[in-house]
């Protein structure tokens, strides 16, 4: 699973770099959507943060789940703007596999976040 996470993280880091450098293919897509620089930079930052989170065991499943949503949206955007959908679909498969493989970390994190402190303790 770690190999899949590494490949996924590298893919999203590459995508983030393209957003930060304003690569022509990225700019075509963002221009077609009518989006300016701030959303492109925010998405790049989210991709970097998510890529790092893939290597934090308690966050890996949540990060992968977030990437599943992101890649579904990216696929829709790519289709609607006439760009190739191959890369988003590959990343979707990798992120879905990671989310499934790390689903126990999602359950564990949810349990940790919803556990209430002892009411009898003062």
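Of everything listed in (1) closer than 30 Å to residue 101 by Cα; (2) surrounded by 18 or more Cβ atoms within 10 Å (Cβ to Cβ), the single unmet condition for residue 29 is (1). When residues in segment 81-99 are screened for being at pLDDT below 90 and in a helix (DSSP H, G or I), 1 of them pass. Could you run through segment 9-56 and say how many residues are in contact with a helix residue (DSSP H, G or I) (Cβ under 6 Å, 6 or more places away or on another chain) and not in a helix (DSSP H, G or I)? Qualifying residue count for the region: 1.
When restricted to residues that are within 18 Å of residue 81 (Cα to Cα) and more than 13 Å from the chain's Cα centre (by Cα), segment 1-36 contains 17. Contact annotation: no residue pair with Cβ atoms under 6 Å, 6 or more positions apart or on different chains, pairs a residue in segment 13-26 that is farther than 14 Å from residue 70 by Cβ with a partner that is modelled with pLDDT of 90 or more and surrounded by fewer than 13 Cβ atoms within 10 Å (Cβ to Cβ).
The values are calculated or read from the model by the stated rules, or taken from the named source; none is laboratory data. The structure presented is a predicted model; accordingly, all values stated were derived computationally and were not measured. Cβ atoms come from the backbone with ideal geometry, glycine included; neighbour counts cover every protein chain shown.
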